[in-house]
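J.: Handing you this structure, nothing more for now.
The values are calculated or read from the model by the stated rules, or taken from the named source; none is laboratory data. Quantities reported herein were computed from a predicted structural model and do not represent experimental measurements. Neighbour counts run over all protein chains shown; Cβ positions are idealised from the backbone, glycine included. Heavy atoms of the whole protein, side chains included, go into the accessibility calculation; ligands, DNA and RNA do not. Shrake-Rupley method; radii C 1.70, N 1.55, O 1.52, S 1.80 Å.
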Amino acid sequence: MSKDKNAAPPIHTEFLQKFPDLGRAWESMTRAGEEGPLDARTARLIKLAVAIGAGREGAVHASVRKGAAIGITQTEVNQVVALAASTIGLPAAVAAWSWSRDVLDDKP
């Protein structure tokens, strides 16, 4: 059976089952962050950039996965990584690029 690439990792689901109040608080923060003029694509690309800048592998995975689900392409993800490189440095950008490739199929 193949894994659904759009599904959250099982550990995430387990965490929310163990700590449902934290899950509800997280959902509330997510809704609050969605209020404003940015469209979903722009907001997702910004969240990806923040995840890259913070060096959060899981958040990069989630942002790429959620972005792909709304039509964000590998080319767009690659540009976000490339834009981040001059700020976070080449080694961190290479790491972020490898994390994006964990989710998407752009492999040599």
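J.: Starting from the Cα-Cα distance between Thr30 and Ile46, subtract it from 0.36 nm times their residue separation and give me the gain in nm to one decimal.
T.: Value of the extension gain: 4.4 nm.
J.: Write down the accessible area per residue of the chain in Å², having rolled a 1.4 Å probe over the full set of protein chains.
T.: With the other protein chains kept in place, the chain gives 69 Å² per residue.
J.: Can you sort His12, His61 by 1.4 Å-probe accessible area, starting with the largest?
T.: So the residues, ranked largest to smallest area, are His12, His61.
J.: While we're here: With all protein chains present, how much of the accessible area of the chain (probe radius 1.4 Å) comes from carbon and sulfur, to the nearest whole percent?
T.: Looking at the chain in its full context, I get 61 percent from C and S.
J.: Just in the range 13-73: which GluC sites (Glu not before Pro) are loop by DSSP and have at most 11 other Cβ atoms within 10 Å?
T.: Glu35
J.: While we're on this one: Could you calculate the contour length gain from Ala82 to Phe19, that is, 0.36 nm times the residue separation minus the distance between their Cα atoms, to one decimal place in nm?
T.: Contour length minus the Cα-Cα distance gives 19.0 nm.
J.: For Gly67, what is the net charge nearby, where nearby means another residue's Cβ is under 9 Å from its Cβ and Lys, Arg count +1, Asp, Glu -1?
T.: +4
J.: Which order do Leu83, Leu16 take by accessible area at a 1.4 Å probe, largest first?
T.: Leu83, Leu16
J.: Can you bin the range 29-73 into rounded, prolate or oblate? Criterion: square roots of the alpha carbon gyration tensor eigenvalues sorted a ≥ b ≥ c, rounded for a/c under 1.5, prolate for a/b above b/c, oblate for the rest.
T.: Since a/c reaches 1.5 but b/c is at least a/b, the shape of the range 29-73 is classed as oblate.
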